Amino acid sequence: MGVGELITAGRLEDAETMLRSVNREGLDEMKLLNYTHNVVELALAFLQRDGLERAVNTVLSLIDAPDDISWGLERIFEEYLVECTPERARRVWRRAYIIPEPRRKVEILLRVLDCLDGEEERRKVLAEAFGWALRVRGRSWRTYTLSEVLYRVHDLEYYDLMLELCRRIRWRERRLVFEDFLFEDENAETCEEFVETLRKRLEASGRALDTVIEVHLKYEKELLRAKGLDPRFYKLISRRIPEGVIFYAVPKPLYPLAVLYLRLRSIAGRWGVRVVKAD
């Protein structure tokens with residue numbers, strides 16, 4: 001029997017023994033990918049049978065590469081938080097530090113945020129998520145992740161926290177984050193101006209547009225699946241326009257380029273540069 005068959009049959013210890021016998025250093029890329037998927041499937045089975053600790057230990061003991069560990073732990077924590085309670089959220093929160101990759105750590109902390117019900121804890125989680133967002137590698141991914149956290153701060157209307165976090169962003173990246181939030185007829189040079197612009201817009205708009213974006217991002221996976229797209233390989237990206245907002249589904253490897261392209265279009269529009277579409 002293969003590992004998958006053993007897991008299906010409920011023979012989890014036998015599947016674990018089989019996986020531990022594998023010489024991981026001798027696997028080629030495809031076999032290593034298959035091995036990693038088997039480990040995560042086993043961990044998910046342990047999660048259902050034995051709980052979170054056993055599942056986490058399975059990933060940490062059977063996977064070596066930091067990126068694969070990050071993906072495996074993210075899958076475990078996401079599954080655990082399907083039952084979205086404050087108690088479960090706090091358990092994941094206490095363990096989120098073990099995720100090696102900062103971007104995936106942020107994603108899980110934002111899932112934790114959804115399950116907490118107290119303002120003090122929510123503020124702490126947001127501040128922690130923002131700290132890890134600052135460590136994300138690659139400017140486009142880092143800017144996206146910073147904006148993702150700030151959107152949640154904005155949604156909760158913690159404008160004092162938003163001002164504090166904004167000041168922690170380096171000046172050049174701060175302008176890129178501003179571009180993610182501001183409409184073409186809005187402008188901000190400082191964090192104080194940025195936060196005040198968002199506050200005034202919120203008062204004027206009744207939160208309608210932000211609610212649309214929030215709902216799309218909250219149900220991103222379901223929306224992608226409804227369009228026949230696998231959420232493991234695609235992400236939604238929003239573009240604010242005077243009439244509202246447009247959403248695009250882009251392959252994850254191309255996401256940073258798509259973000260950069262939309263930013264350039266936005267900047268060109270503000271500077272009065274005409275963007276010509278080639279047929």
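Observations
- Note on the stretch 19-73: among residues that are among the charged types (D, E, K, R) and within 24 Å of the chain's Cα centre (by Cα), the one that is least open to solvent (accessible area, probe 1.4 Å) is Asp68.
- Identity of the residue in the stretch 149-174, assigned to a loop (DSSP other than H, G, I, E, B) and open to solvent by 40 Å² or more (accessible area, probe 1.4 Å), that ends up nearest to Arg201 (Cα to Cα): Glu157
- Listed conditions (1) of a type outside the set (S, T, N, Q); (2) closer than 26 Å to Arg137 by Cβ; (3) in contact with a Phe, Trp or Tyr (Cβ under 9 Å, 6 or more places away or on another chain) are all met by Arg122, apart from (2).
- Within the set Val82, Val106, Val92, the sole residue that is open to solvent by 50 Å² or more (accessible area, probe 1.4 Å) and among the hydrophobic types (A, V, I, L, M, F, W, C) turns out to be Val82.
- Qualifying positions in the stretch 222-241 - of a type in the set (A, V, I, L, M, F, W, C), open to solvent by 80 Å² or more (accessible area, probe 1.4 Å) and under 18 Å from the mean Cα position of the chain (by Cα): Phe233
- Contact map, the stretch 133-158: residues that are within 23 Å of Pro100 (Cβ to Cβ) paired with residues that are open to solvent by 40 Å² or more (accessible area, probe 1.4 Å) and not in a helix (DSSP H, G or I), Cβ distance under 9 Å, separation 6+ or inter-chain. Pairs shown: Leu134/Arg168; Leu134/Arg170; Arg142/Leu134; Arg142/Arg135; Thr145/Leu134; Leu146/Leu134.
The values are calculated or read from the model by the stated rules, or taken from the named source; none is laboratory data. Source: prediction; values computed, not measured. Positions of Cβ are generated from backbone atoms using ideal geometry, with glycine treated the same way; all protein chains shown enter the neighbour counts. For accessibility, only protein heavy atoms count, side chains too; no ligands or nucleic acids. Shrake-Rupley method; radii C 1.70, N 1.55, O 1.52, S 1.80 Å.
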